[in-house]
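The values are calculated or read from the model by the stated rules, or taken from the named source; none is laboratory data. Quick caveat: nothing in here was measured; it's all calculated off a predicted structure. Using ideal geometry, Cβ is built from the backbone for each residue, glycine included, and neighbour counts are taken over all protein chains shown.
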Amino acid sequence: MPNRTRYFRIQSANPSSLYSPGVTVEIVITPGIPRHTVVGLAQGAVKESLDRIRAALGAAGYTFPRGAITVNLAPADTRKDGSAFDLPIALGILAADGQMRTDALQQAAWLIMGELTLDARVQPVEGVMPAILDARKEGVSNVILPRGNMPEASAFPGMHVGAVRCLKEAVDILEGAQAIQPITNLTQAPLPTTAPDFAIVIGQEACVRTLALAAAGSHNVLLTGPPGCGKTLMARCMEGILPSWSRSLALEATCLHSLRRPGMALLERRPFRRPHHSVSTAGLLGGGTPLRPGEVSLAHGGVLFLDELPEFHPGALEGLREPMEEGKVTLSRANGVEEYPSNFQLVAAMNPCPCGFADSPDRRCSCTDRRRKMYRARISGPLLDRIDMHIPVGRVDPARHIDRDPVSSSAWAQRVDRASTRLVEEPPVIDQTEEQVLIKTVASLGVSMRTVASIRRIAKTVAAFEEADRVQRDHMAEAIRIGGHSRLI
Ligand SMILES: [Zn+2]
């Protein structure tokens, strides 16, 4: 073995970082006392990587070099966690030690990520999609990834991706023994949605129309009604009518999913997340070590459905205010903060009281006044004020509605999509007369300025839904009816 200091450098990425994941892995092998260090704010799994690499190199038939090995992960001021640095560190050690040819690595820029097992297999890692996105911006077009991360790479036509199962395959690619092909544009037919169809909803025409309006204009919705009235069913049907989205928004949203779960293909449609009410505050808003996005970010560009709203942890509900106001969440981490986009549409459902039958014509509420008040107080005023549409849902006798011709989700979806496009491309205008009607009506309702702004937005959505260029009298009336309630449930 050469009695001199050896050095090599490889590009990798931080698996928990959304915006600037790029990390340079530097390896220095110096003769002398065996001593192995990883520097550059390495945490948990990263610190242990050299132990895994020692076993993996042995298993793949390579030698773990003698001497002192120092691994530096730059930039030094960001925390590195997770096991994605195993593969680049292992390849860097082989390259520095002269155990593999490095022409390919020196001629072009490569992004390399992957976790190693003790028997030298390569396991999928989180954060691959934001890493490729960032690397592509930096002009990198060659990537080596775990085979299990191929779905993320498929979103990047033109990139040369080596999806490997073991360390040896990665070495073969870098030594030119195995060629890699650029990704071709894979256009798959979208998978059918698993959402129930609005056609099976009986006798709730007004609610269904309001939900379709909400989907078109991305308005926040709260459905309130007794158990068994179909709130949950109707909310779930919304998944099937959400408007189409742009590729750039799909990419942004999938990057957030990629930070949570390896092997995520580009999302084909807007996400519809429905966390259970027992979800932790970190699970809903994001957090943990390593830092991971929460449900509010996984719902970015789509819907966050919270069924049984008052049952959620009060801290979690309060935490919804920031993303609902700003479209992002700010999470603190050991050295600073990380922001994740979380621009979602809130769809929530609740009973009017703990027993569920307050204000119900056919059954008596068995709750005390105090219990009812406490239940409603679990949802704070500021949160309620950020909900644009409060929809009361009554129970329906199915026998009375048997003759109705229901509208299917696919018919609603087309209308929602057209309206959503119109709202972006040529939003309907509100003229002076209708503005006067709005001001006069809301003055008598005594609602907040936020509510007035919300009614204006709903009115434009109604007009777009009716394919009108300007908000007409009946559009404004419908918007005031839907959005102009006193905001007290
Ligand atoms: Zn009750």
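At-a-glance table
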{"read-out": "Residue tally, condition surrounded by 12 or more Cβ atoms within 10 Å (Cβ to Cβ), out of contact with any Ser or Thr (no Cβ under 8 Å at 6 or more places or on another chain) and over 18 Å from residue 91 (Cα atoms), over segment 156-181", "value": "1"}
{"read-out": "Strands (runs of 3 or more DSSP E) contained in segment 26-128 and holding at least 2 residues within 27 Å of residue 255 (Cα to Cα) and of a type in the set (Ser, Thr, Tyr)", "value": "none"}
{"read-out": "For residue 290: the one exception among (1) modelled with pLDDT under 90; (2) farther than 25 Å from residue 156 by Cβ", "value": "(2)"}
{"read-out": "Counted residues, segment 442-468 - those being more than 23 Å from residue 427 (Cα to Cα) and assigned to a helix (DSSP H, G or I)", "value": "3"}
{"read-out": "Residue count, segment 209-234 (criterion: part of a helix (DSSP H, G or I) and under 23 Å from residue 361 (Cα atoms))", "value": "5"}
{"read-out": "2 or more residues away from the ligand (no atom under 16 Å from the Cβ): qualifying helices (runs of 4 or more DSSP H) within segment 321-398", "value": "321-326, 381-385"}
{"read-out": "Test for residue 295: is it at pLDDT 95 or above and either within 20 Å of residue 79 (Cβ to Cβ) or charged (D, E, K, R) (or both)", "value": "yes"}
{"read-out": "Cross-chain or 6+ apart pairs with Cβ under 6 Å, segment 358-382 first and hydroxyl-bearing (Ser, Thr, Tyr), then within 11 Å of the ligand (Cβ to nearest atom) and not in a helix (DSSP H, G or I)", "value": "360/226; 366/355; 375/353; 375/354"}
{"read-out": "Residue count for segment 286-320, restricted to those that are more than 11 Å from the chain's Cα centre (by Cα) and either part of a helix (DSSP H, G or I) or in contact (Cβ under 8 Å) with a residue 12 or more places away in the chain (or both)", "value": "20"}
{"read-out": "Residue in segment 253-272 that is more than 14 Å from the chain's Cα centre (by Cα) and surrounded by 23 or more Cβ atoms within 10 Å (Cβ to Cβ) present", "value": "no"}
{"read-out": "Condition met for residue 184 (among the hydroxyl-bearing types (Ser, Thr, Tyr), modelled with pLDDT under 90 and either buried (at least 16 other Cβ atoms within 10 Å of the Cβ) or not assigned by TED's automatic domain parsing to the domain that holds residue 361 (or both))", "value": "yes"}
